[in-house]
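As C-alpha cells, the structure follows; a few thoughts come after it.
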Amino acid sequence: MLNGETPLPQNGHRRNSMAAITGEAEAEAPGVVFVHGSPPFGLPFKDRLLSRFQLIHMSELPESSHVKVMLCMDHTPVTSQTLYKLPSLECIVASSAGVDHIDLTTCRLRGIAVANGSQAFSEDVADYAVALLMDVLRKISAGDRYLRSGLWSTKGDYPLGWKLGGKRVGIVGLGNIGSEVAKRLVAFGCAIAYNSRKKRSSVSFPYYADVCDLAANSDILVICGALTSETHHIINKDVMTALGKEGVIINVGRGSLINQKELVQFLVEGQIRGAGLDVFENEPIVPRELLELDNVVLSPHNAVVTPEAFEAMQELAISNLGAFFSNKPLLSPI
Ligand SMILES: O=CC(=O)O
C-alpha cells in the first residue's frame with residue numbers, strides 16, 4: 001500500500017464498521033485505485049490522491065485482485081496478462097493523451113472503460129506543433145546554428161525560409177489536439193483539410209477519407225492522430241510521394257504513425273522539403289541521418305510537457321477517478 005493502510009475489499013463501498021458500532025455518522029471508505037507502472041508523480045499530487053483514494057501499487061497486488069479502477073501515470077504497457085490479473089477491473093484512467101500502451105482490444109472485449117489525458121494537453125501539444133512547423137519553414141533552429149558557428153560573418157546571409165500564411169495544411173487525426181492545431185493555423189491564414197477515422201459533422205474543413213488524397217491536396221501534413229493497428233505507418237512512401245518535393249511533415253502523435261525508414265530516405269534524398277519531429281519509432285533512439293539534416297527540427301518527445309499541462313492532467317485524472325466512484329460519466333472517455 002502506498003499509504004500504509006490495510007487494503008479495502010473491492011470498490012471502496014465498504015462502510016466504516018467502527019462508526020456503525022459507536023453510532024457515529026458512517027463515513028464512506030475511500031475507493032481503491034490500482035496504480036500501474038512507476039509514476040513520476042510529485043508529492044503534492046500523491047497527497048491529493050491519498051486524501052481521496054486508497055492506492056495499491058503493482059508490487060503489492062495479490063495474485064488476482066478485485067480492484068475496479070486503474071490509474072496509469074506512465075507508459076508501462078497494460079497488456080492482456082496485466083488485465084488477466086485484474087478480473088474485476090471496470091475502468092482505466094490514463095494520464096497520457098496516447099493510449100497505445102494499453103491493450104484496448106481486451107478492454108473492449110471485457111467492457112473496461114478507458115479515459116485519457118488529452119483534454120489537459122491538447123493546447124500545449126498544438127502550440128508545439130505550430131512551433132515546429134514555423135521552425136521548419138522559417139529555419140529558426142538552422143539559422144541559430146549558423147549564427148552560433150560564426151558562419152554569418154564569414155559566409156554571409158543564411159537562406160530565406162517560407163511563409164506559413166496561405167499554406168494548405170492537412171491534419172491527420174482531428175481529435176482534441178488536431179482541432180487545436182486547426183484553430184491556430186486558421187488564425188495564421190492557412191487552409192485546413194483533414195483525415196480522421198470518420199468525417200466530423202461539426203466541422204466544415206474538407207475531409208479526405210484517404211490520406212494519400214489529403215497529402216496530394218496539402219503543402220504540409222501535421223500528424224496528431226492516435227496510434228492503433230489501423231494507423232500504424234499511415235504515413236508511408238505513397239503518402240510522401242503524393243505530398244511532393246515541397247511538402248513538410250510535422251509529427252506530434254507517435255513515431256510509428258510514420259514509416260520512419262521511408263521518411264528518412266525521403267528527407268535525405270530531398271523528396272520532401274522538411275520535417276518537424278517530436279516523436280520517433282524507437283525512442284530515445286533517433287536515426288543518425290536526421291542529425292545531419294538542416295531541414296529537420298528534432299525534439300525529444302516534449303510537445304506534451306508544460307508544468308501547467310501537468311497540473312491540468314492531475315486535475316483531470318482525479319476528476320475521472322471521482323466520477324468513476326460516484327457512478328458518473330468519465331470526463332474524458334476515449
Ligand atoms: O505523448 C504523450 C502522451 O500521449 O500524453
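Numbers for the structure displayed
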read-out	value
Gained length - LYS245 relative to ASP157, 0.36 nm times residue gap less alpha-carbon distance	29.2 nm
Percent of Cα pairs exceeding the 38 Å cut-off, where the set is the chain	27 percent
C-alpha center-to-center spacing [segment 120-150, segment 59-118] in angstrom	36 Å
Mean shadow area of segment 80-129 over all directions, Cα convex hull, nm²	3.8 nm²
On Cα atoms only, tilt of 118-138 relative to the major axis of the chain in degrees	10 degrees
Whole-number accessible area per residue in Å² for the chain, which is evaluated in the context of all protein chains at 1.4 Å	50 Å²
Set of lysines near LYS198 by C-alpha distance (under 22 Å), chain-local residues within fewer than 8 positions excluded	LYS183
Rounded tilt (10° steps) of 176-187 against the dominant C-alpha axis of the chain	40 degrees
Cross-link partners of LYS328 among lysines (Cα-Cα below 20 Å; sequence separation of 8 or more within a chain)	LYS68
FRET efficiency estimate (nearest 0.05) - Cβ-Cβ, SER319 to LYS261, R0 56 angstrom	0.85
Cubic angstrom per residue, convex hull over Cα atoms of segment 189-286	99 Å³
Projected label distance in nm at LEU298 and LEU50, using a 7 Å step from Cα toward the beta-carbon	4.1 nm
Calculated P(r) tail over 25 Å for segment 94-204, as whole % of Cα pairs	43 percent
Binned Cα-Cα distance frequencies in segment 156-196 - 5 Å width, integer %	6, 23, 26, 16, 11, 7, 6, 4, 1
Principal semi-axes in Å for segment 223-334 [√(5λ), Cα gyration tensor, largest first]	35, 16, 11
Heavy atoms of LYS245 accessible to a 1.4 Å probe, total area in Å² rounded to 10	140 Å²
Note, ³J(HN,Hα) from phi for segment 91-102, Karplus 6.51, -1.76, 1.60, rounded to Hz, x at Gly and Pro	7, 10, 9, 9, 7, 7, 6, x, 10, 6, 8, 9
Sequence ranges 175-185, 316-326, 154-164, 193-203, ranked by mean other-Cβ count within 10 angstrom, highest first	175-185, 316-326, 193-203, 154-164
Sulfur and carbon atoms: percent of accessible area, the chain [1.4 Å]	54 percent
Net length gained if the chain between THR306 and SER80 were fully extended (0.36 nm per residue, minus Cα distance)	78.2 nm
Qualifying aspartates and glutamates (Cα of each under 12 Å from Cα of LYS237; at least 8 residues distant if same chain)	GLU262
Among CYS190, TRP152, ILE177 the positive-end extreme of the charge dipole of segment 98-199 (Cβ point charges)	CYS190
Helix 307-325 vs. the chain, principal-axis angle (Cα, 0 to 90°, nearest 10)	40 degrees
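The values are calculated or read from the model by the stated rules, or taken from the named source; none is laboratory data. Small disclaimer: the values here were computed from a predicted structure and weren't measured. As a convention, Cβ positions derive from the backbone with ideal geometry for all residues, glycine included, and neighbour counts pool all protein chains shown. Protein only, heavy atoms only, side chains kept; ligands, DNA and RNA dropped before computing areas. Shrake-Rupley method; radii C 1.70, N 1.55, O 1.52, S 1.80 Å.
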